[in-house]
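Presented below is the structure to which this report refers.
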Amino acid sequence: MDSIQLLIKKAEKYLIEDHVDVIQEAYNFALASHKGQSRLSGEPYINHPIQTANFLADLKLDHQVIAAALLHDVMEDCDVSFGRLVQLFGDDIAKLVDGVTKLKRSEITPDMKKVHGNNSNKLSDEDILQAENLRKLISSIAVDVRIILIKLSDRLHNMNTLSALPYDRQIFIARETLEIYAPLAHRLGIWELKWRLEDLSFQYLNPQEYEKISLLLKSKRSEREIYIENILNVLKPELENFNIQYQVSGRPKNIYSIYKKIQSYLDQNKKIEEIYDFFALRIIVKNVEECYSSLGIVHKLWRPIPGQFDDYIANPKDNLYQSLHTTVLCEGAFPVEVQIRTQDMHSTSEYGVAAHWLYKSDSNLDDDKFDNKITWLRQIFEWQKDVKGAKEFVESFKSDVFKNQVFVYTPKSDLKELPAGSTPLDFAYRIHTDIGHRCVGAKVNGTLVPLFYQLKNGDRVEIITSKTVRGPSLDWLDNDLGFLQTTSAKTRVKQWFNRQELKNNIQNGKSLFEERIVHYNDLMSILDISELMSFNNESDFLNALGSGKISVSKVIEKLAQKDNRLSENRKLEQNSHKDDVFNTAVTGSGDLKTVIAVCCTPSPDSQIVGFLNRDQGVSVHRRNCKEISDYDLDNQIKVDWNNVTYDYNSQTYPSRIKIDAYDRVGLLRDITVQVAKERLNIASCTQEEYNDISIIYLTVHINSIENLGRLCSSLDNIKGVISVSRTVD
Ligand code: MN
């Protein structure tokens, strides 16, 4: 079967017929467009877009992505216009193709040297080019993350066919892949893509080491297979005893990660022969409880290596990865890494954001879209930390891409770009001048913030306006107070005051005139008096009078001179000028979500206090929690257990327990078994080692104080346990 048929077959498994038809049409069009073209390797060009689409179909991505992948080179290589693609395939697909096309490797132009070339003698042309490509990558993320997925898949196939290119291009592309694309795939959590890109690049960048390690793996293969089989023979019956449904597999680690491991072992003066954890054992179970039960079983069978336990279920990685990791000494005392996770967690680890997006695409609510965008955006900003290379390159990249701007969202998920340091008030003026003038408060990610809050990437900003039209506050123009960053917003505030001042002054002048001047002379009009006072018109006169540039007495004097009448009453009153005080009090935080703080995990018998929390609503702490000592008292709110709604339905709350014990084989297992006997769930578990003493922190979901008391005393009875206590640290 040729490869397009394979692709269609794959698509038919998860897409509806209409969508598969779109993919078929995209293929027909791409085939016709690339007709007669071939790759440097000599194969027909169309193979490249098919392979690009193929990997994306493995990730089960939507039909628009697959179609766009098939079309991704037609704009660049076949002169097909954007308009034509819109006409044939609609807006969405055309935009994806356009996005990928814009990421095409650019030639270095004098313009780019100007942008990146502050230290141009230090920056090589390659660095400039890489920085420029990077900048484009980042900008396209904000448009649609699917563009990046297509680009990554495109890069995967290009790496697979890299041998056809000249040597210097091979090195450039391999280096860029290892430094930029693999970390990007990692940040997006697409593990499969990450390791493939790494190994392919490594093969070109360090062929000797690559060869050495793959030989080593091959020579150890049968040995390893027997070893894994022995381990499984011990593990399987135990899992079955506990009625746990599982899938278990042993997988070799990828070559590049082994290389990095070897490097770190060599740094510790260990020999390669001492390195056994070239592979990991993976157990996939039904739910989180079974993850922890399986962990107990593994720890019962084999001794865990202290310090090698990571609970990524309770503390997921940035890229959403969840799993329990432990390294145990198996038969013959060889260390083996064991990963335990649920099927859901497994999909996320294989497909990363792609999986996340796939699950959510059915119920494409605005909120979900928004969450996804935020996740991706956050990954991208994290990713820049991984990018290595020339210092200048990273610096120029950071300053170009990140330093000067911040991306935030409107409540409707429209992306707005503002200069870094901008505030919600700048944002309000960016939306509309009138919104700025009427702004009295702002919420960022659902929480009230001061108007001088500095916006961060990914913030969702909601402006609260007063219903009655007010004006800006003079404070907003005070740079020290930091209300406004953008010049455009400041200009608008100034304009308002200038206009307002004139209006007020004239009004003021008019009332002064009517109250205090008009009865001295009822024959002359305001215009006459204006002329008498040497003004060109009424408004200028009233403005001067209202602003105090000329005084009432001066006018009366002038009139008196003219009429030869002395003023009888020259007592002047100071015009009392009242400042318009702004009332920025805002209501409406009544139905904030409450979250039990994990630092001190208060239970219904504890004294509590709430804090407005930027991300989560109100976090509920114990009154004596150490964490809250440096919290802003302004954000403190009174809470009591009646209005704490956390887990109200399930009637459980997390409780943190500290166990000191003499370390021994099976300790952790005995503890987890005891928790299971109480029919309680473990939310997290960490272990610290001090010589022979183990300190174990357990977070357990309990439903009553009695429940907790019973658990603590049964834990206390476990062999080796020195003390059990509730803890808030
Ligand atoms: Mn391509």
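Exposure check, 1.4 Å probe, all protein chains in place: Arg726 carries approximately 80 Å² of accessible surface.
Stretched out fully, how many nm does the piece from Arg175 to Ile431 gain, at 0.36 nm a residue minus the Cα gap?
Extra length from Arg175 to Ile431 when fully extended: 87.9 nm.
In this structure, the residue pairs whose Cα-Cα separation is over 26 Å, taken from Lys261/Lys317; Lys503/Lys562; Lys260/Lys300; Lys300/Lys677; Lys60/Lys95, are Lys503/Lys562; Lys260/Lys300.
When only alpha carbons are used to place a centre, the range 522-541 and the range 474-494 end up 37 Å from one another. In a fully extended conformation the segment linking Gln245 and Lys13 would gain 80.9 nm over its present Cα-Cα distance, using 0.36 nm per residue. Distance between the C-alpha centres of the range 697-729 and the range 280-353: 24 Å, rounded to the whole angstrom.
The 1.4 Å probe gives accessible areas that order Arg679, Arg303, Arg39, largest first, as Arg679, Arg303, Arg39. Residues whose amide H lies under 5 Å from that of Ile313, counting only those 5 or more places away or on a different chain, are Ser323; hydrogens are built 1.01 Å from N in the peptide plane.
The values are calculated or read from the model by the stated rules, or taken from the named source; none is laboratory data. Just so you know, these numbers come straight off a predicted model, no measurement behind them. We work out accessible area using only protein heavy atoms, side chains counted, and drop any ligands, DNA or RNA first. Shrake-Rupley method; radii C 1.70, N 1.55, O 1.52, S 1.80 Å.
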